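Quick notes on the structure that follows.
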């Protein structure tokens with residue numbers, strides 16, 4: 001069995017305490033409003049598109065999986081959801097032939113309908129590829145949601161609903177985003193299960 005040295009224990013203890021702080025600062029009303037947005041999309045048969053860069057790209061894929069598979073209730077219709085990160089042939093073609101800043105926006109142009117939901121996951125809130133996609137969502141009468149960190153960046157001011165994680169540490173922001181993914185998808189599943 002490995003024994004942790006004092007500096008490792010100190011780091012881990014601090015990390016956990018900071019994560020608890022971020023959890024305690026979570027705005028539960030905003031979480032509830034995001035669940036409401038997804039519930040409306042489910043009831044109205046709208047589609048949900050999720051995107052992110054780097055670690056947030058894997059969170060976007062994870063969220064799409066949890067909403068598309070984890071929120072299934074037997075004999076009930078399903079939420080239509082996809083991650084814009086997951087078609088690597090399309091992502092690289094758009095990046096190479098147009099620009100990476102356009103990679104999510106260009107996909108939305110092909111797919112987006114009024115009333116659909118676009119979820120942007122980003123620690124900084126300032127990624128040009130994310131901002132351009134959210135602007136496209138607004139031009140097409142879609143609803144935008146941001147899972148953000150730090151001070152919310154530019155994204156905070158342009159999304160319809162948002163949760164800004166109270167942290168400037170990328171790891172803790174990404175931890176919180178994954179917690180939110182699980183929380184939101186399970187809340188949605190409960191609503192689907194209780195709907196007559």
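The values are calculated or read from the model by the stated rules, or taken from the named source; none is laboratory data. Keep in mind that this is a model prediction, so the values were computed, not measured. Positions of Cβ are backbone-derived with ideal geometry, glycine not excepted, and every protein chain shown enters the neighbour counts.
Residue by residue through the stretch 33-58, note down the ones that are in a helix (DSSP H, G or I) and either at pLDDT below 95 or touching a helix residue (DSSP H, G or I) at 6+ places or on another chain (Cβ under 8 Å) (or both). It would help to see each step written out before you state the result.
Initially, the stretch 33-58 is screened for residues in a helix (DSSP H, G or I), giving 33-43, 55-58.
Hits for the stretch 33-58 are 34, 35, 38, 39, 42, 55, 56.
Just give me the residues in the stretch 177-196 being crowded, with 22+ Cβ neighbours inside 10 Å and either closer than 16 Å to residue 120 by Cα or in contact with a strand residue (DSSP E or B) (Cβ under 8 Å, 6 or more places away or on another chain) (or both), in sequence order.
Selection gives 177, 181, 184, 185.
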| message | With the requirement that a residue be in contact (Cβ under 8 Å) with a residue 60 or more places away in the chain and either over 20 Å from residue 67 (Cα atoms) or not in a strand (DSSP E or B) (or both), what does the stretch 101-125 give you? | response | 111, 112, 113, 115, 116, 123
| remark: Only one of (1) within 22 Å of residue 31 (Cβ to Cβ); (2) part of a helix (DSSP H, G or I); (3) over 16 Å from the mean Cα position of the chain (by Cα) does not apply to residue 151, and that is (2)
| request: Consider residue 63 carefully, then state whether it is in contact with a helix residue (DSSP H, G or I) (Cβ under 9 Å, 6 or more places away or on another chain), in a helix (DSSP H, G or I) and buried (at least 18 other Cβ atoms within 10 Å of the Cβ). | output: yes
| said: Can you confirm whether residue 86 is under 15 Å from the mean Cα position of the chain (by Cα) and surrounded by fewer than 21 Cβ atoms within 10 Å (Cβ to Cβ)? | reply: yes
| message | All but one of (1) closer than 24 Å to residue 78 by Cα; (2) assigned to a helix (DSSP H, G or I); (3) touching a helix residue (DSSP H, G or I) at 6+ places or on another chain (Cβ under 6 Å) hold for residue 176; state the number of the condition that does not hold. | response | (1)
| field | Those residues of the stretch 132-143 which are more than 13 Å from residue 161 (Cβ to Cβ) and crowded, with 21+ Cβ neighbours inside 10 Å, in sequence order | value | 133
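Can you confirm whether the stretch 37-52 contains a residue that is over 23 Å from residue 113 (Cα atoms) and more than 14 Å from the chain's Cα centre (by Cα)? Spell out the reasoning first.
Going through the stretch 37-52, the residues over 23 Å from residue 113 (Cα atoms) turn out to be none.
So far as the stretch 37-52 goes, no, none of its residues is over 23 Å from residue 113 (Cα atoms) and more than 14 Å from the chain's Cα centre (by Cα).
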| Matching option when the condition is modelled with pLDDT of 95 or more, surrounded by fewer than 24 Cβ atoms within 10 Å (Cβ to Cβ) and either touching a helix residue (DSSP H, G or I) at 6+ places or on another chain (Cβ under 9 Å) or closer than 21 Å to residue 98 by Cα (or both), among 153, 149, 125 | 153
| If we scan the stretch 51-64, do we find a residue that is in contact with a strand residue (DSSP E or B) (Cβ under 8 Å, 6 or more places away or on another chain) and closer than 17 Å to residue 189 by Cα? | yes
| field | Residue, surrounded by the most Cβ atoms within 10 Å (Cβ to Cβ), within the stretch 96-107, restricted to residues that are in contact with a helix residue (DSSP H, G or I) (Cβ under 8 Å, 6 or more places away or on another chain) and over 13 Å from residue 53 (Cα atoms) | value | 105
| note | With criteria (1) in contact (Cβ under 8 Å) with a residue 60 or more places away in the chain; (2) surrounded by fewer than 23 Cβ atoms within 10 Å (Cβ to Cβ); (3) out of contact with any strand residue (DSSP E or B) (no Cβ under 8 Å at 6 or more places or on another chain), residue 71 comes up short on (2)
